[in-house]
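J.: Starting off with a structure, shown below.
Please treat every number below as a calculation from the coordinates, not as lab data. Values in this document were obtained by computation on a predicted structure and should not be read as measured data. Reconstructed Cβ throughout: ideal geometry from the backbone, glycine too, with neighbour counts over all protein chains shown.
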């Protein structure tokens, strides 16, 4: 009789294969790869923000190339319209009827490049897709394929011709990450690896859409103790009463952080969540959702600094390991 592997090992094996494949292209950014996998397995979306040339689009393309999933790219610009994303009906003279032509959002992995160059009206076309996994176009609602992952990039230093993402849009992203510049040794390794070859030339899919869905389901079985759950909730609630915060994290953020820590534990080969998992993901999951007070913005206070302050003030549960292993 064949015995199915434990759910946690399914997610761990999946993440290990994809991580290894993506690492062939992305040099020296293991944390960013891990965070992207967390979002994928938690069923969320990723906002990648950094200066030009740091590998934002490359990371998104590498994740897509490592998965045997349908992939489309949306290059945002001010003249992009909602129908360019969702799709449009075109009259077919042979059929004598209008036929719907799906837009690029109807794919399993969607790269939205320079999302803040799209107008607010066009950005809003992504809201329903990212939250409800469906698109309503011309009065008809159509479900999106599973799995469904949006990887959006934006450049924080170029402001001309850009439109800041509204709070409702930011709240749809499970986490935000930044890549940063590589260390000197890593940058030389980048030259050695990709100076004379195409980094995507030998990158083949290592997992299917069914593998992604199975790993997502496995992550939901990861144990979260009552103490860790209470710790997580206290951190989110603390963002709503912090003196520097005008609008704190929503209940959607609580769920996002909960599913994210489950995914992180599974990726690291554990069947349970630790308080350190919550600490590690608190900033990537919560910081971009906060709206600081005008006074805090004038002082130049970073949202990540607010999260760090909250983590320092909310006591973490202890003796979790002894409870789970003993």
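J.: Just need the relative contact order of the chain here, percent rounded to a whole number, with Cα pairs under 8 Å and 6+ apart.
T.: Here the relative contact order equals 23 percent.
J.: Would you mind pulling out the separation of the Cα centroids of segment 83-150 and segment 242-284, in Å?
T.: 30
J.: Kindly state, to the nearest 0.05, the FRET efficiency for residue 134 paired with residue 75, given R0 = 35 Å and r defined as their beta-carbon distance.
T.: Working from the Cβ atoms, E equals 0.90.
J.: Rounded, prolate or oblate: which one fits segment 222-326, using the alpha carbon gyration tensor with axes a ≥ b ≥ c (rounded when a/c is under 1.5, else prolate when a/b beats b/c, else oblate)?
T.: Cα axes put segment 222-326 in the prolate bin.
J.: Can I ask one more? Using label points projected 7 Å from each Cα along Cα→Cβ, tell me how many nm separate residue 90 and residue 181, to one decimal.
T.: About 4.6 nm separates the two model spin labels.
J.: If I build a Gaussian network model for the chain, linking alpha-carbon pairs within less than 10 angstrom, which residue out of 138, 49, 185 has the largest mean-square fluctuation?
T.: 185
J.: Cβ neighbours within 10 Å, averaged per peptide: list 297-305, 126-134, 66-74 in order, most packed at the top.
T.: So the order, starting with the most tightly packed, is 66-74, 126-134, 297-305.
J.: Would you please put 21-28, 99-106 in order of how densely packed they are, using the mean number of other Cβ atoms within 10 angstrom per residue and starting with the highest?
T.: The densest-packed peptide leads the list: 21-28, 99-106.
J.: Mind telling me which of 93, 83, 225 comes out most flexible in a GNM of the chain, alpha-carbon contacts under 10 Å?
T.: 93
J.: Turning to a different aspect of this structure: Name the most mobile residue of 147, 284, 182, meaning the one with the largest mean-square fluctuation, in a Gaussian network model of the chain with Cα contacts below 10 Å.
T.: The residue that fluctuates most here is 182.
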